[in-house]
1. Once the Cβ-Cβ distance between residue 107 and residue 142 is put in as r, and R0 is 22 Å, what FRET efficiency do you end up with, to the nearest 0.05?
2. Provide the FRET efficiency to the nearest 0.05 for the residue 69-residue 122 pair, computing r from the beta carbons and using R0 = 30 Å.
3. Considering only DSSP states other than H, G, I, E and B, which GluC sites (Glu not before Pro) in the stretch 63-147 qualify as loop sites with at most 11 other Cβ atoms within 10 Å?
4. For residue 140, which lysines qualify as cross-link partners when the Cα separation must be under 28 Å and same-chain residues fewer than eight apart are set aside?
5. Based on the Cα atoms of the stretch 61-147, what semi-axes does the equivalent ellipsoid have, where each is the square root of 5 times one gyration tensor eigenvalue, given in whole Å with the largest first?
Amino acid sequence: MDVESSESAAYPGSGSMQIPIDLFGSKEHHGMPRGTLAFADESGNIVYKVNRHNSSPKDKKLLLDASGNVIFSIHRYQKGSWKCYKGESNVETDMVLRVQRTVKKLNIVELQVFYGGNNGEACDLIMRGSPCMRSCGIYKDTEIVAQ
């Protein structure tokens, strides 16, 4: 399962730094344990990986950098919602973003992304994808920011 993303938009806490890079996501990267989702750059170097820490509950995943340092913890809740926190925290003040699944069909999935301080109705980003086609796009309003 290879998924390509172009990362060029600023994210919360990144300031205005925008460096476009292509990341290739797969559970089959050379040198990674089977089933570990990893993201590699164009040269095949692992940049990020997602896994479940041995002492973590099933509904908690960790986003790690290439050295294995925890960047974010991702907690799954009921009815297709997730919250992402800085480090291994689960304190609301450390919440970076929350995600709500709005569409789940066989050939399409849509997620609404709300940045940490956004408690309103309007989402900050929308991710639309097709699991069958192994592709997705991330939009801010009508502008595509990643695919």
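Read-outs throughout are calculated quantities, based only on the coordinates presented, and are distinct from any laboratory measurement. Small disclaimer: the values here were computed from a predicted structure and weren't measured. Note that each Cβ is placed from the backbone with ideal geometry, even for glycine, and that neighbours are counted across all protein chains shown.
1. Numbers: r = 22 Å, r/R0 = 1.01.
With a Förster radius of 22 Å, E is 0.50.
2. Details: r = 33 Å, r/R0 = 1.11.
For R0 = 30 Å, the calculated efficiency reads 0.35.
3. Working: sites: 88, 92, 110, 121, 143; in loops: 88, 121.
Of the GluC sites (Glu not before Pro), the ones in loops of the stretch 63-147 whose Cβ has at most 11 other Cβ atoms within 10 Å are 121.
4. Cα-Cα hits under 28 Å: 27, 49, 60, 61, 79, 83, 86, 104, 105.
5. Equivalent ellipsoid semi-axes, largest first: 23, 16, 13 Å.
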